[in-house]
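First the structure, in the form of structure tokens, and then the observations on it.
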Amino acid sequence: MIPYGKQDITQQDINAVINVLQSDFLTQGPQVPLFEKEIKDTVNADYALAVNSATSALHIACLALGVGKGDVVWTTPITFVASANCALYCDADIDFVDINAQTYNLCADKLEQKLRHAKVNNLALPKVVIPVHLCGQPCEMEKIHILGRKYGFSIIEDASHAIGGKYKGRPIGNCEYSDITVFSFHPVKIVTTAEGGVATTNCKKLAQKMDLFRSHGVTRDESLMTTDAENHGSWYYQQVELGFNYRMTEMQAALGVSQMSRLHDFVAKRNELATRYDKLLIDLPLITPLQITDSYSGRHLYVIRLKLSNIELSHQQVFNKLREQGIGVNLHYIPVHTQPYYQNLGFKEGQFQESERYYQDAISIPLFHLMTDEQQNKVVNTLTKILT
Ligand SMILES: *Cc1c(COP(=O)(O)O)cnc(C)c1O
């Protein structure tokens with residue numbers, strides 16, 4: 001089976017992890033700060049906080065922005081459930097903004113309409129909006145940022161798909177148009193630490209809060225303490241928030257540092273493969289991913305949309321035939337509001353129609369750094385046989 005995604009682990013990566021295992025620190029040593037420096041230098045942000053997953057990063061990002069009971073967070077239905085769950089972890093409510101029909105990202109125009117509608121009707125405005133750079137293609141951040149100023153919400157970019165990408169020529173993660181950006185380093189993503197995530201920000205206060213939340217709410221920094229530490233011994237620390245243990249290990253961080261040295265190559269190769277797909281699939285009854293001109297996508301996923309009216313088979317039949325013939329296709333994502341858990345919260349099918357249309361005909365076909373031309377040809381030839 002040709003997988004839809006796969007990590008690329010070199011001897012250099014393996015050595016980096018082994019070196020840590022033979023060192024004094026398995027956790028809370030020098031590798032995590034090194035990895036954080038690597039990330040913030042790469043994406044051009046002032047602060048980077050490494051944690052054990054992007055899910056944890058989303059959680060502490062929401063907490064740092066003060067999301068709590070009575071607040072509402074808005075995100076897109078076409079994302080992994082974690083982008084929405086983070087609001088629920090904070091006892092806040094969640095709502096969705098439908099996607100743009102061409103980019104499949106949270107639609108900035110629909111966001112504006114929904115904000116205007118909420119304002120006019122005295123409904124709750126969002127405390128935080130979480131745009132997701134689906135497949136690595138950046139959302140319309142400049143426009144979302146302007147809306148944030150106008151309607152008073154904060155912005156968390158879920159860039160789990162997007163490390164190494166650029167928006168208007170500048171790296172995703174620089175937080176020029178957001179408060180916090182979150183990356184994932186799960187093995188299917190562009191860079192991996194096995195499990196892991198990072199939150200970047202340019203705001204010292206947010207960085208300090210996220211630092212507390214990722215490690216029990218405990219600090220040794222006197223400036224963050226409620227009373228003078230002077231009367232206490234040098235062992236003294238204070239718990240000032242209810243935090244978690246979301247720390248990244250030294251093995252993960254060392255793997256991350258080693259992987260990051262190949263980031264440019266990872267993203268360049270993904271773009272090369274995607275451009276090759278664009279050409280090879282041009283005559284088939286499907287839509288290839290539109291790329292907006294002022295962005296450079298990390299190309300985490302390559303999603304095709306079947307033109308079902310020109311195909312004799314159903315979406316499911318095409319999907320199953322591809323799997324049967326060794327093509328490890330997938331579907332990113334089932335609209336979050338249609339999940340049973342979210343239906344129980346009151347969401348209904350039919351509420352976000354562009355997302356539901358997307359779900360009727362989208363398929364993610366294999367794309368990963370080590371993919372060979374032969375593997376890619378096999379994907380194309382199999383698709384061609386099934387669709388024509
Ligand atoms: C993978 C992913 C996450 C969660 O990442 P983890 O590191 O596995 O917690 C969140 N959002 C999106 C869009 C993702 O693709």
Neighbours of P335 by Cβ distance under 14 Å: Lys/Arg at +1, Asp/Glu at -1, summed charge -4
For the chain, percent of DSSP beta bridges that are antiparallel (nearest 5) comes out at 65 percent
Ordering C175, C203 by the accessible surface of their heavy atoms, 1.4 Å probe, largest first, yields C203, C175
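Looking at region 263-387, what % of the alpha carbon pairs are farther apart than 22 Å?
That tail contains 41 percent of the Cα-Cα pairs.
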Counting only protein heavy atoms with a 1.4 Å probe and every protein chain in place, the carbon and sulfur fraction of the accessible surface of the chain in whole percent equals 49 percent
Summing -39500 (n - 2.57) over every DSSP H run of at least 4 residues in the chain and dividing by its residue count gives a helix-only mean residue ellipticity at 222 nm, to the nearest 500 deg cm²/dmol, of -11500 deg cm²/dmol
Over all pairs of different Cα atoms in region 1-94, the reciprocal of the mean inverse distance gives a Kirkwood radius in Å of 16.3 Å
Applied in sequence order to region 278-283, the curve 6.51 cos²θ - 1.76 cosθ + 1.60 (Karplus, θ = phi - 60°) yields integer Hz couplings, x standing for Gly and Pro, of 3, 6, 6, 9, 4, 8
Total charge of the residues flanking L206 in space, meaning their Cβ is under 11 Å from its Cβ, with Lys and Arg +1 and Asp and Glu -1, is 0
Going through K37/K168; K143/K205; K110/K348 one by one, the pairs whose alpha carbons sit over 21 Å apart turn out to be K37/K168; K143/K205
Expressed in nanometres to one decimal, the distance between label points 7 Å along Cα→Cβ at A124 and N320 is 4.2 nm
Descending packing, highest mean Cβ count within 10 Å first, for 104-115, 133-144 is 133-144, 104-115
Length-normalised contact order of the chain, Cα under 8 Å, at least 6 apart, in percent, tallies to 23 percent
Nearest-0.05 FRET efficiency for S23 and I287 at R0 = 51 Å, using Cβ-Cβ distance, is 0.55
If one compares the long axis through the Cα atoms of helix 250-260 with the longest principal axis of the Cα atoms of the chain, the angle in degrees, nearest 10, works out at 50 degrees
Under the Karplus relation with 6.51, -1.76 and 1.60 and θ = phi - 60°, whole-Hz ³J(HN,Hα) for region 329-339, x at Gly and Pro, equal 6, 8, 10, 10, 9, 5, x, 4, 5, 8, 5
A chain fully extended from E374 to R170 at 0.36 nm per residue, minus the present Cα-Cα distance, gains in nm 70.1 nm
Here the relative contact order (percent) of region 263-387, from C-alpha pairs under 8 Å and at least 6 apart, is 33 percent
So, over other residues within a Cβ distance under 15 Å of M251, counting Lys, Arg +1 and Asp, Glu -1, the net charge is -3
Sorted by accessible surface (1.4 Å probe, heavy atoms of the protein chains only), largest first, E222, E38, E374 come out as E374, E222, E38
Packing-ranked peptide list from 62-68, 15-21, 342-348, 164-170, highest mean Cβ count within 10 angstrom first, is 62-68, 164-170, 15-21, 342-348
About its Cα centre, the chain carries a charge dipole, from +1 on Lys and Arg Cβ atoms and -1 on Asp and Glu Cβ atoms, whose size in debye to the nearest 20 is 800 debye
The simple spin-label model distance between A268 and D46, using points 7 Å out along Cα→Cβ, in nm, is 3.3 nm
Per DSSP, the loop-located chymotrypsin sites (Phe, Trp or Tyr not before Pro) within region 1-86 having at most 16 other beta carbons within 10 Å are F25
Computed on Cα atoms, the radius of gyration and Dmax of the chain in angstrom are 21.6, 79
Result for region 263-387: accessible area per residue, probe 1.4 angstrom, in square angstrom, of 48 Å²
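The values are calculated or read from the model by the stated rules, or taken from the named source; none is laboratory data. A quick note: this is a predicted structure, and the numbers were derived from the prediction, not measured. Neighbour counts are summed over all protein chains in view; Cβ atoms, including those assigned to glycine, are modelled from backbone coordinates with ideal geometry. Remember, those area values only see protein heavy atoms, side chains included, never the ligands or the DNA or RNA. Shrake-Rupley method; radii C 1.70, N 1.55, O 1.52, S 1.80 Å.
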